[in-house]
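One structure is given below, encoded as structure tokens.
The values are calculated or read from the model by the stated rules, or taken from the named source; none is laboratory data. Keep in mind the model is a prediction, meaning the values are calculated, not measured. In this analysis, Cβ positions are derived from the backbone assuming ideal geometry, glycine residues included, and neighbour counts consider all displayed protein chains.
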Amino acid sequence: MVLVRTILVSCLTGLLCLPLTAEAAESLRLNRIGTAPAAVVPVGPALSESERRAHGDPLPDGRVAKANGDIRAVWLSQPTDRYRHGVLGDAIEAGAVTVRRKDGMLVSFVLPGDSVFEDLHPRLADLDGDGRTEIVLVRSYLTKGAALSILGLRNGKLEILAENTAIGTANRWLNPSILLDAPDTGEVRVGLVRTPHIGGQLQIWRYAGGTFRRIAVAEGFSNHTIGSRALGLSAVLSKGKARRILLPDARQRRLLLLDGDQLTILAFVPLPARPVRDFGVQRDTSGHQSVMLVLADGQLYQLDDPSGHWFD
């Protein structure tokens, strides 16, 4: 018996024209759950007065990231207005990042006056599988725009381990909202959308052996809205050992499900409104994944794959 699938062509946001199966166009389901709960207000780090004097104030709207390895907590610090881009809701950015080490001591990395951390919360992962935690942040140069920066502890000090080339124009930004684990290698790759407000480009980067290399690119995505503090408009899902990336198209009118290696679009679902909060992945008691979203209509939605065809 020969199975014949109808092939549809979908032009997403005028940027991507994709051959998709009928199954891809219909299998994802977005259900409205009800009114969205109140947003959680971030809580800053607990600091003694001497720690605050030595390392500076935390970024007022920043978040604390926590881990269990050589780095226990990380936050952005030393607020500054020297880069008045304002893409994250105000013109105050971080001039430094501060780490609480495993031994409880604080160390900071302070940027020179040519740049800031144009970010709100550090992302933590052991990117190269060496047992040490790396920190993923957006560093923006006053004249060259944003770059992806990787930091880590070396001999007890916080250092920049790798950084890609800045975009090249002031007031151009990128959002690294995706940490994509590679089960066969133990590595974690970083996914970012370059210029998410103007026809964003999805890029996947690999940090290993002290080098930083771009390994995949696709066009036409957005994981941020200008002025928003929600930086997590994406999710990583699993299908066995395969990884899927979920994020909006460039106009945030559809959610696109991509293969995590090739960045080919597997499925999509229309959005009734723009997403306004970080996506949340949850698993039920059987291990099935779904994604929780809050949209601009004030409602909470659940994205599901009832068939289990695209993700577990």
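Say whether the condition of being under 17 Å from the mean Cα position of the chain (by Cα) and under 17 Å from residue 151 (Cβ atoms) is met by at least one residue in region 96-118.
Narrowing region 96-118 to residues under 17 Å from the mean Cα position of the chain (by Cα): 117-118.
Checking the rest, the ones that are also under 17 Å from residue 151 (Cβ atoms) come to 117-118.
Yes: one or more hits.
Could you grab me the full set of residues in region 20-46 that are assigned to a loop (DSSP other than H, G, I, E, B), at pLDDT 90 or above and touching a strand residue (DSSP E or B) at 6+ places or on another chain (Cβ under 9 Å)?
Hits for region 20-46 are 28, 36, 37, 39, 44, 45.
In region 47-79, how many residues are part of a loop (DSSP other than H, G, I, E, B), of a type outside the set (A, V, I, L, M) and either at negative phi or in contact with a Leu (Cβ under 6 Å, 6 or more places away or on another chain) (or both)?
Number satisfying all stated conditions: 9.
Taking into account only those residues within region 207-236 that are small (Gly, Ala, Ser) and in contact (Cβ under 8 Å) with a residue 60 or more places away in the chain, which is surrounded by the most Cβ atoms within 10 Å (Cβ to Cβ)?
Ranking the qualifying residues of region 207-236, first place goes to 220.
Specify the residue that is surrounded by the fewest Cβ atoms within 10 Å (Cβ to Cβ); the eligible residues are those in region 66-78 that are touching a Lys or Arg at 6+ places or on another chain (Cβ under 8 Å) and farther than 15 Å from residue 44 by Cβ.
Result: 69.
Here is a list: 293, 303, 256. Which entry is out of contact with any helix residue (DSSP H, G or I) (no Cβ under 9 Å at 6 or more places or on another chain), under 22 Å from residue 198 (Cβ atoms) and crowded, with 19+ Cβ neighbours inside 10 Å?
On inspection, the qualifying residue turns out to be 256.
Output the residues belonging to region 25-61 that are closer than 22 Å to residue 87 by Cβ and surrounded by 10 or more Cβ atoms within 10 Å (Cβ to Cβ).
Scanning region 25-61 gives 39, 42, 44, 57, 58, 59, 60, 61.
Residue 175 - would you say it is outside any strand (DSSP E or B) and under 18 Å from residue 87 (Cβ atoms)?
Considered against the rule, which asks whether it is outside any strand (DSSP E or B) and under 18 Å from residue 87 (Cβ atoms), residue 175 comes out as no.
Which of the residues that make up region 191-204 are surrounded by fewer than 22 Cβ atoms within 10 Å (Cβ to Cβ), at pLDDT 95 or above and not in a strand (DSSP E or B)?
Result: 195, 197, 198.
If residue 93 meets every condition in (1) more than 21 Å from residue 194 (Cα to Cα); (2) acidic (Asp, Glu); (3) in contact with a Pro (Cβ under 8 Å, 6 or more places away or on another chain) apart from one, which number is that one?
Unmet condition: (1).
Picking from 188, 138, which residue would you name as being more than 21 Å from residue 209 (Cβ to Cβ) and buried (at least 19 other Cβ atoms within 10 Å of the Cβ)?
Going through 188, 138 in turn, just one is more than 21 Å from residue 209 (Cβ to Cβ) and buried (at least 19 other Cβ atoms within 10 Å of the Cβ): 138.
Listed here are the residues, each with its yes/no results for (1) surrounded by fewer than 17 Cβ atoms within 10 Å (Cβ to Cβ); (2) over 21 Å from residue 52 (Cβ atoms); (3) in contact (Cβ under 8 Å) with a residue 40 or more places away in the chain.
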{"residue": "80", "(1), (2), (3)": "no, no, no"}
{"residue": "94", "(1), (2), (3)": "no, no, no"}
{"residue": "97", "(1), (2), (3)": "no, no, yes"}
{"residue": "104", "(1), (2), (3)": "yes, no, no"}
{"residue": "120", "(1), (2), (3)": "no, no, yes"}
{"residue": "162", "(1), (2), (3)": "no, yes, yes"}
{"residue": "166", "(1), (2), (3)": "no, yes, no"}
{"residue": "169", "(1), (2), (3)": "yes, yes, no"}
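Looking at the structure I just gave you, is residue 126 surrounded by 22 or more Cβ atoms within 10 Å (Cβ to Cβ), of a type outside the set (Gly, Ala, Ser) and within 19 Å of the chain's Cα centre (by Cα)?
Details: surrounded by 22 or more Cβ atoms within 10 Å (Cβ to Cβ): no; of a type outside the set (Gly, Ala, Ser): yes; within 19 Å of the chain's Cα centre (by Cα): yes.
Answer is no for this residue.
Considering only residues that are among the charged types (D, E, K, R) and in contact (Cβ under 8 Å) with a residue 40 or more places away in the chain, look in region 171-185 and name the one that is surrounded by the most Cβ atoms within 10 Å (Cβ to Cβ). Please lay out each step first, then the result.
Here is the first cut: in region 171-185, the residues among the charged types (D, E, K, R) are 172, 181, 184.
From what's left, in contact (Cβ under 8 Å) with a residue 40 or more places away in the chain: 181, 184.
Details: 181: 18, 184: 7.
Among those that are among the charged types (D, E, K, R) and in contact (Cβ under 8 Å) with a residue 40 or more places away in the chain, it is 181.
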